Amino acid sequence: MAGGRPSKYTDELVNEICRLISSGLSLRKICLQERMPTIECVRVWLLNKPQFSAQYARAREEQADLLADECIDIADDKSQDILDIKEGGDTRMITNSAAVQRAKLQVDARKWKASQMAPKKWGQQNIKTELTGADGKDLIVNLNLNLKKVPSAND
């Protein structure tokens with residue numbers, strides 16, 4: 001099909017897809033490009049090509065790291081936080097709440113996406129610790145409380 005989207009799997013094409021993913025582009029945006037296959041085609045390749053699936057997973061982990069780095073950059077950027085308002089001959093500085101809220105939204109979106117792409121690295125960790133006694137039996141705790149009577153006001 002002349003001039004159409006490529007649907008033939010090639011190492012060069014999947015390397016380019018993975019490079020673009022690790023540089024931050026979404027698969028949807030990549031597949032909207034004229035020289036790229038459709039998203040449906042890529043999903044079929046992911047199911048049928050284990051080597052591509054593993055390469056794609058690594059690219060997603062790299063993208064998650066990039067998103068985490070972007071969170072720091074956004075949080076550190078104070079350039080839009082303050083507005084200078086001119087009133088008469090004076091200039092008054094006020095907080096640009098919209099810019100601050102937008103930055104918060106950008107950070108939250110990137111944190112969420114990173115946690116979905118690399119949950120072991122960027123997801124919330126739920127740590128559960130269990131203690132067992134000898135040979136896997138119940139743990140027995142012996143407490144020796146040396147309680148002394150504290151004098152009260154009535155003593």
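The values are calculated or read from the model by the stated rules, or taken from the named source; none is laboratory data. Everything quoted here is computed from the prediction, not taken from an experiment. FYI the Cβ positions are ideal-geometry reconstructions off the backbone, even for glycines, and counts take in every protein chain you see. Protein only, heavy atoms only, side chains kept; ligands, DNA and RNA dropped before computing areas. Shrake-Rupley method; radii C 1.70, N 1.55, O 1.52, S 1.80 Å.
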At q = 0.26, 0.33 Å⁻¹, what base-10 log of I(q)/I(0) does the Debye formula yield for the stretch 96-140 when every alpha carbon is treated as an equal point scatterer in vacuo?
-> -0.86, -1.04
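Tell me which trypsin sites (Lys or Arg not before Pro) from the stretch 34-68 have a DSSP coil assignment and no more than 15 other beta carbons within 10 Å of their own.
Arg35
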With every protein chain kept in the model, how would you rank Met93, Met117, Met36 by accessible area, 1.4 Å probe, largest at the top?
-> Met93, Met117, Met36
Expressed as a whole number of Å, what is the distance separating the alpha-carbon centroids of the stretch 64-130 and the stretch 42-60?
-> 31
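Given a 1.4 Å probe, how much area per residue of the chain is accessible, in Å²?
Heavy-atom SASA per residue in the chain reads 80 Å².
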Heavy-atom accessible area ranking, 1.4 Å probe, most first, across Trp122, Trp45 | Trp122, Trp45
The answer for the net charge of residues other than Met93 whose Cβ lies under 14 angstrom from its Cβ, with Lys and Arg +1 and Asp and Glu -1, is -1
For the chain, the percent of accessible surface on carbon and sulfur atoms (probe 1.4 angstrom, ligands and nucleic acids excluded) is 52
Low-density loop cleavage sites - trypsin sites (Lys or Arg not before Pro) in the stretch 66-123, where at most 15 other Cβ are within 10 Å (DSSP) = Lys78
With r defined as the distance between the Cβ atoms of Gln125 and Arg92 and R0 fixed at 35 Å, what FRET efficiency is calculated, to the nearest 0.05?
-> 0.20
Summing -39500 (n - 2.57) over every DSSP H run of at least 4 in the chain, dividing by its residue total and rounding to the nearest 500, the 222 nm mean residue ellipticity is -16500 deg cm²/dmol
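When a/c is below 1.5 the answer is rounded, else prolate if a/b is larger than b/c, else oblate, so apply that to the chain with a ≥ b ≥ c taken from the square roots of the Cα gyration tensor eigenvalues. Before the final figure, lay out each step's value.
Working: a/c = 5.26, a/b = 1.35, b/c = 3.90.
Since a/c reaches 1.5 but b/c is at least a/b, the shape of the chain is classed as oblate.
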Among Val44, Val107, Val14, residue whose mean-square fluctuation peaks in a GNM of the chain (springs only between Cα atoms under 10 Å) | Val44
Can you give the accessible area of Thr132 in Å² (nearest 10), computed on protein heavy atoms with a 1.4 Å probe?
-> 90
Between Leu131, Leu47, Leu25, find the one with the highest GNM mean-square fluctuation for the chain; connect C-alpha pairs within less than 10 Å.
-> Leu131
